[in-house]
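K.L.:
One structure follows; several queries about it will come next.
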Amino acid sequence: MNLVAWHTARKMSERATLPDLDTLNHKALKALIVAQHAQILSKDEQLLHQEEQLASREEEIERLKLLIAKLRRMQFGANRRSWTGRSNSWSCGWTNWKRAEQRKIASTSATPPLRWL
C-alpha cells in the first residue's frame, strides 16, 4: 500500500468515528456542522486547485505534442524518404552550379575567382 492510500485510509477511519449526536447539546452540534462545512470548503478548494493543475498540464502536453509534430515536419517534410532524396539532389545541383559559375568567372576575367562560402 502506498503512502497516499495508507494516509487516506487512516483519515477515513478517523472521520468515520462520530460522537454520539444524541448526547451533544445544541451548541456542540452547531460547532460540529460548522467544522464539517469548513472542512468541505477546504477540500473543494484543494480539488479545484488540483483540477486546474491537471488542465494546465494537459494543455502543456498538447502544446508540446503539436510542437514536436511541427519540428518533425520541418526536419523531414511530408515524406521523410522523398525529402531526403530531394535535399541531396538539390545540394548536388547547387554545388555543381557554384563550380560552373566559378569556372565561367575565371575564364572571362583576369581576376582570380571568388570563393563561395
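Only the coordinates and a few stated rules stand behind these numbers; no lab work does. Here the structure is a predicted model, which is why all the values come from computation and not from measurement. FYI the Cβ positions are ideal-geometry reconstructions off the backbone, even for glycines, and counts take in every protein chain you see.
K.L.:
Among 25, 46, 68, pick out the residue whose Cα is farthest towards the positive end of the charge dipole of segment 25-80, where Lys and Arg carry +1 and Asp and Glu carry -1 on C-beta, about the Cα centre.
P.N.:
68
K.L.:
Another question about this same structure. May I have the convex hull volume per residue, in Å³, for the Cα set of segment 25-80?
P.N.:
Per-residue hull volume (Cα only) is 46 Å³.
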